[in-house]
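See below for the structure under consideration.
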Amino acid sequence: MSVAPGDRAAQAAALNQAFTALDPAARLAALREASAGRIVFTSSFGIEDQALTHLIAQSGLDIEIVTLDTGRMFPQTYDVWATAEQRYGLKIRAFSPARAALEAWVAEHGINGFRETTDKRHGCCALRKLEPLSRALEGAQVWITGLRADQSQNRADMDYVSFDAARGLIKANPLLDWTRAQVVDFTIANDIPVNALHGHGFPSIGWAPCTRAIAPGEDERAGRWWWEASNKECGLHVGEDGSLVRASSDQATSP
């Protein structure tokens, strides 16, 4: 079934239900079958994203893999990016911040000014991530992410598939019900290249100045923006009110 602009919320609800009986590979195939348009997978080169890159490459599905290159990613992240391209014989398209806007922000706030206030951090994320994401998803009908429900309490009750009303597209999380252990086992069994930082206490890897290793027992997202007490989201997966976009059939009118 193809996705028509007027029924994407209903389409998302149907796919959400179908995903419960499918494995991640079949979920990707179902998304491709359901959409006649552009499908975009955004990778940050974490272990979940590497697992999905492997599945996409092995399937031969027409799913575009992109990344948001903030300009301040860990060297290990660039290394696994290059390794993935070589391993799978594909190119991962990068979307970078708008030069003039970023230069103006740094000139006003300083290179690490995002640490001064939450508002400044949100402004920096908007320039380095949200604006490039908007360009990456322009014209897409489906957006695939590597989110898992057990990554944090904020993500615990997300749907497999939802309608993102703010962006006017279907958003899918094929690994939503997988545990971290399942993802790790999958990457080992399939010899999938993973970020070296995962072996040094970094379960969640963002850009370098905003990510630290976590202590045993901490939430996976505890190392992101650790100097803030707010939830550990940058804006990519939240609506205008700051809450996670998680509903499926009722998202037609609100994010």
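All of the numbers you see were taken from the coordinates with simple rules; none came from a lab. None of these values were measured; they are calculated from a predicted model. When we count neighbours, we look across all protein chains shown, and the Cβ atoms used for this are built from the backbone with ideal geometry, even at glycine.
Figures for the structure shown
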read-out	value
Amide hydrogen neighbours beyond the local backbone of W178, cut-off 5 Å, H modeled	A149
Estimated distance in nm for a label pair at K91 and H200, the labels positioned 7 Å out from Cα along Cα-to-Cβ	3.1
Extension gain, H122 back to Y78 (0.36 nm per residue minus Cα-Cα distance, nm)	13.5 nm
R38 versus D62: modelled label distance in nm, points set 7 Å from Cα along the beta carbon direction	1.3
Distant-in-sequence amide H partners of D23 (H built 1.01 Å from N, under 5 Å)	none
Alpha carbon Rg of the chain, scaled by the compact-globule rule 2.2 N^0.38 Å	0.97
Within segment 103-147, backbone nitrogen closer than 13 Å to the virtual label 7 Å beyond the Cα of Q182 toward Cβ	147
Peptide ranges 172-185, 42-55 listed from the most packed, as the mean C-beta count within 10 angstrom indicates	42-55, 172-185
For segment 1-151, Kirkwood radius (reciprocal of mean inverse C-alpha pair distance, Å)	17.1
